[in-house]
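Structure first, then comments.
The values are calculated or read from the model by the stated rules, or taken from the named source; none is laboratory data. Note that the coordinates shown come from a computational prediction; the quantities given were computed from them, not determined experimentally. Here the Cβ is made from the backbone with ideal geometry for all residues, glycine too, and neighbour counts use every protein chain on show.
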Amino acid sequence: MTLTETRPGSTLPETPDAAEAAFRARRRRAKLNTGLVTGMLVVLIAVTAHLGDFFKMVQVTLDDGSRDWRWIVLAGLPRLGEFIALTLPSISFESFAADIVEWFWRWQVWLRLLIETVLIAFMATTFGVVGGFLLSFPAARNLAPNAWVLWLSRRYLEIARTVPELVWALIFVFCFGVGPMAGVLAVGLHSAGALGKLYSEVNENIDMRPLEGVRAAGGTWADQIRYGAVPQVLPNIISYTLLRFEINVRASSIIGYVGAGGLGQEIRTALSFQEYTDLSALFVIIFVTVIVIDYASEKVRHRVIGMEADR
Amino acid sequence: MYQGRLQLRALTRRFGAATAVDAVGLDIPAGQFVGVIGRSGAGKSTLLRLINRLIEPTEGQVLFGETDITALKGKALRDWRRACAMIFQQFNLVDRLDVLTNVLVGRLADRGFFPSMAMQFSDNDRADAIAALDRLDLVGQTLQRAGTLSGGQQQRVAIARALMQRPRLMLADEPIASLDPGNATKVMEALRQINEDDGLTVIVNLHTLDTAREYCDRIVAMREGRVMFDGAAQHLTDKVVRDIYGSDGLDDFSEVVTSTKVKISA
C-alpha cells in the first residue's frame, strides 16, 4: 500500500506529466511546511530568550572604578573564569606530592563517602530494577491485562520519574531523617519510574506469537509473561540496567546536598565554607569514579551482548 | 473430564462490520481427522481460535461432550485450552528458550504460580517431555535453543509441546504452510500418527487440497466465514473447489500447483 492510495481524496496521476506535476506540488507543500515550522521555532526561541533575561543589560564596574552598562552574557562570562580559578589548587613542581595531599586533605572522609555514594547507587538500582521490571509488563500496551491496570501502572511510573531525585530526597529526608536511607529510596523510586518506562517500551516491541503459544497451552497471564515475554526482553533489560547504574552514581553524588547521604554533603560544606579547592577535588573524585564505572559497565554490556551472539 | 464429540452451534464472530465466521455449525465425533480448507481470509484461523477460545465468539456455542466451552472461565478455561492443544503456522515457540523448556510449557496449566515462575518442573514432567521429543525424533536437539532449529524441527517441537498437554483434541492452524514439502510430510505424518495411535480428534487448517485429500477423513470448506462443503474427500469435485476458491477466469486451476506432496520411503 503506498502513501498516495491511503490519502483520502487524492487520485493516482495517469500520465508522466501529471505525476511530475503532482510531485512538484507535493515538494512545494513540504517546503512551505518546513518554512512555517522553522519560523515558528525562531519566534519561540526569541520569546523564551527574552523571558529568560538573555537580552538583559546589567551594570558592571570598570577598572577605573566607573560604572557602565553591559550585556549580561558578556558581563557574566568572566565570572565563570574567576570561579574556576578559585577552585584550582596551587600545585608546584617542587612540592608536588605535598600539594596533592594538601588538595585532597579530607581524603579519608571523602573515600568513605565515595563508597557510600556507590552503595546508594547500587541499592537504588536494585530497587529500581525490581520495581520497574514488575511494572513494565502491566504498563505495556500489548501486555496489560486490562485498561485499568495499564492506566494505573503508567501513571505510577510517570509520577515516580517526573519528580526529580533531589525532590524525592527532600521528602524522604523529612520522613526518615538525614542519611543514606533517604537517598536510596529517592534514587530508587526515580529510577523505577525511568526504567519501568524504558522496559515497557522494550516489551511493546516483542513478538507476540510465543505468548499466544503459552496461552494456547493453558498458561496464565503470568505464565505468558514469564515464558513468552521475559526471555525476549532480557538482553535489553540488562543493558538498560547497567546504563542506569552509571546515571544513579551521578545522581547519588548530588543528593547528599539535601542530607540524603553520599558525597553531596561535602559539596554543600565546601560551598558554604568557601573552600573552593575542595570543590575541584570532589569534582575530580566523582569524574574519575563515573569514568571507571562507565568503562566497566560497557565491558559487561558487551560481554552480555557477546554471550547472546555466541549462544 | 472431556470426552466425546465436539459440536459447534451457529458459531459467529464479527470484527467490526466484517463477519469472519458466520453461523458455523459442525458436529465432529471423537477421533476424526478433519481438514478445513478455503482461501486466505475465509475464517479458518478464526474458527480454530474460537474453539480454544483464544478468540471469543460473538454468538453461538461450542460444546465438548456435555460441557459448554463458551461459558468457561478462569481455571476451567485454561484446563480446556490444555485439553485442546494447538499448533501454529509460525510454530509460536519461545525462540530464546531451549527445546526442553518449550516442550515443558505444555505442562504449565498443572503448575502452581511459584514453580512456574521459577521454571521448575518435576522429574516426571521432564521425563515425559523427553519421551515426547523422542517420539518426534528430536532428542538430539533437547538442549538447543528453539530459535536455532529448522522450521520443520520447530514445528515438531510444537507438536511435542502439544502432546505434553495430554490433549483430547488437536487443533492445527496451517501447520505446514511455512515448511518445505519434505518437512510438511513429516509433520502431517506425525499428526496422522497421533490421530491413529492416541485416538485424538485432529482439526487442521490447510492451504493445499492434495494434503487435505491425502490425510483427512472429512473435509470442511469455508468461504467468507460460511461452510460451503462438508464431507468426504472424494465428494470434493472440481466444481466445488472452483466455488470455494472463487477462481474466476482461472480455467486451468490445478491442485498440482499448490501440491506439497513428497513420498518418503520408510
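So, residue B:161, is that one within 11 Å of chain A (Cβ to nearest Cβ) and surrounded by 20 or more Cβ atoms within 10 Å (Cβ to Cβ) or not? Against the criterion (within 11 Å of chain A (Cβ to nearest Cβ) and surrounded by 20 or more Cβ atoms within 10 Å (Cβ to Cβ)), residue B:161 qualifies.
If you go through region B:86-116 and pick out every residue that is surrounded by 20 or more Cβ atoms within 10 Å (Cβ to Cβ), more than 16 Å from residue B:133 (Cα to Cα) and more than 7 Å from every other protein chain (Cβ to nearest Cβ), you end up with 1. The sole residue among A:215, A:141, A:161 that is of a type in the set (Lys, Arg) and closer than 25 Å to residue A:261 by Cα is A:161.
When residue A:262 is tested against (1) away from every other protein chain (no Cβ under 13 Å); (2) surrounded by fewer than 19 Cβ atoms within 10 Å (Cβ to Cβ), only condition (2) is not met. Being surrounded by 11 or more Cβ atoms within 10 Å (Cβ to Cβ) and not assigned by TED's automatic domain parsing to the domain that holds residue A:279 is true for just one of A:58, A:43. Which residue is that? Matching residue, one of A:58, A:43: A:58. Among residues that are acidic (Asp, Glu) and outside any helix (DSSP H, G or I), residue B:95 is included. If you filter region A:85-104 down to residues that are free of Cβ contacts under 8 Å to residues at least 60 places away in the same chain and surrounded by 12 or more Cβ atoms within 10 Å (Cβ to Cβ), you find that the one that is farthest from residue A:267 (Cα to Cα) is A:95.
Return yes or no: is residue B:139 free of Cβ contacts under 8 Å to residues at least 24 places away in the same chain and among the β-branched types (Val, Ile, Thr)? Judged against the criteria, residue B:139 is a match.
Every residue, every condition in (1) surrounded by fewer than 24 Cβ atoms within 10 Å (Cβ to Cβ); (2) in contact (Cβ under 8 Å) with a residue 60 or more places away in the chain; (3) of a type outside the set (Val, Ile, Thr), yes or no:
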position: A:174; (1), (2), (3): yes, no, yes
position: A:179; (1), (2), (3): yes, yes, yes
position: A:206; (1), (2), (3): yes, yes, no
position: A:217; (1), (2), (3): no, no, yes
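Taking the condition closer than 23 Å to residue B:130 by Cβ, over 14 Å from the mean Cα position of the chain (by Cα) and either surrounded by fewer than 23 Cβ atoms within 10 Å (Cβ to Cβ) or of a type in the set (D, E, K, R) (or both), does residue B:151 pass? Yes; evaluated as a whole, the condition is true for this residue.
Looking at residue A:81, is it of a type outside the set (Ser, Thr, Tyr), farther than 30 Å from residue A:261 by Cα and within 29 Å of the chain's Cα centre (by Cα)? Criteria met by residue A:81. If you go through region B:1-22 and keep only what is touching an Asp or Glu at 6+ places or on another chain (Cβ under 8 Å), of a type in the set (A, V, I, L, M, F, W, C) and over 13 Å from residue B:69 (Cβ atoms), you end up with just B:10. For region A:209-259, the set of residues classified as of a type in the set (Ser, Thr, Tyr) and more than 10 Å from every other protein chain (Cβ to nearest Cβ) consists of A:239, A:240, A:241, A:252, A:253, A:257, listed by residue number. Contact map, region A:231-259: residues that are assigned by TED's automatic domain parsing to the domain that holds residue A:214 paired with residues that are of a type in the set (Asp, Glu), Cβ distance under 6 Å, separation 6+ or inter-chain. Pairs shown: A:235/A:308; A:246/A:294; A:251/A:165; A:255/A:165. As a summary of the residue check, residue B:44 satisfies the conditions (1) surrounded by 22 or more Cβ atoms within 10 Å (Cβ to Cβ); (2) within 13 Å of chain A (Cβ to nearest Cβ); (3) not hydrophobic (A, V, I, L, M, F, W, C) except for the one numbered (2).
Counting only residues that are within 14 Å of chain A (Cβ to nearest Cβ) and either free of Cβ contacts under 8 Å to residues at least 12 places away in the same chain or not in a helix (DSSP H, G or I) (or both), how many does region B:50-66 have? Number satisfying all stated conditions: 5.
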